[in-house]
Amino acid sequence: MTCAKRLLLTENLPQTPAVDGITFSGGVSEYIYRREEEDRGDLGRSIAHDLRHALADKRIPEKVYDPGHGIRATVVGASQFTVQVSGNTIFLSEKEKLPIRNVPVASLSIDLSVDFTSEEVTASIQDAMKRLDMVEGEDRVAIAFRWGGDPLHARLFALAQGICNGLPKTVADPDLPMVVMMDGDAGRTLGNILVKELDVTGEVISVDNVQLRDFDFVDIGEYMPDTQVVPLIIKSLLFTSPGQE
């Protein structure tokens, strides 16, 4: 139960008012309402199987209603798209390799506004990859974080060193881009340290002034030399209420 609680992204639902009944939508609902039986190669049928048992055993006590429509929307089709433009302080080691699309985001939980070590950055990357079931060196990933504090070289070097140590296979693979994205203004400096001081030979994309979260996916468009910017498309699978971050 403790491990499951760590996966929660929101607070528990309030106990009141009482729920009169529940419905299911999406692909899983097709299995729950027995309109679909064929295995589609994902977890849908297994999830529906366990939910049906939980309903039958009254572990889910609410009455279930069938709305008649499963709303077979794909996850990406139901996602939220945000378009941004980033430039001026970004770093692109190989502009000609853009665009890249559908790069999943791994958000670091480390607080970079206070003193930190490269080892702590590495550990945070490893935790994020494990949390999201990503395999370093096999899955493309955009490492995202909030940057705070003074942009001193020693601090940015420790950050860059921690990133390299957290992504050793990416560093060694010239065909796998290293994508780092922050909400501060140090993207170009960080990129320069990665390439010129830590000798990352593969493609390095360091973009700043953008906020990303777990379960976001990002497209980075072609570099526009006249304005020295790149367009970003952020596809978010998590939704918040207006005014919330």
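The values are calculated or read from the model by the stated rules, or taken from the named source; none is laboratory data. Worth saying up front: this structure is predicted, and the values here are computed from it rather than measured. In this analysis, Cβ positions are derived from the backbone assuming ideal geometry, glycine residues included, and neighbour counts consider all displayed protein chains.
In the range 112-131, what count of residues is obtained for those that are among the acidic types (Asp, Glu) and part of a strand (DSSP E or B)?
Final tally of qualifying residues: 0.
Looking at Leu152, Leu159, which one is over 21 Å from Phe215 (Cβ atoms) and surrounded by 19 or more Cβ atoms within 10 Å (Cβ to Cβ)?
On inspection, the qualifying residue turns out to be Leu159.
Which is closer than 23 Å to Leu98 by Cα and crowded, with 19+ Cβ neighbours inside 10 Å, of Asp173, Asp139, Asp216, Asp185?
Asp216
Filter the strands (runs of 3 or more DSSP E) completely within the range 137-245 down to those with at least 2 residues that are assigned by TED's automatic domain parsing to the domain that holds Glu119 and more than 19 Å from Ser107 (Cβ to Cβ).
The qualifying strands (runs of 3 or more DSSP E) are 229-236.
Answer with yes or no whether Ser109 is hydroxyl-bearing (Ser, Thr, Tyr), assigned to a loop (DSSP other than H, G, I, E, B) and either under 21 Å from Gly187 (Cβ atoms) or at pLDDT below 95 (or both).
yes
Name the residues in the range 121-136 that are buried (at least 19 other Cβ atoms within 10 Å of the Cβ) and of a type in the set (Asp, Glu), would you?
Passing the criteria: none in range.
Scan the range 16-50 for residues that are in contact with a helix residue (DSSP H, G or I) (Cβ under 6 Å, 6 or more places away or on another chain), assigned to a helix (DSSP H, G or I) and closer than 20 Å to Gly68 by Cβ and report the count.
Number of matching residues: 6.
So, in the range 54-83, how many residues would count as being at pLDDT below 55 and among the charged types (D, E, K, R)?
Within the range 54-83, residues that are at pLDDT below 55 and among the charged types (D, E, K, R) number 1.
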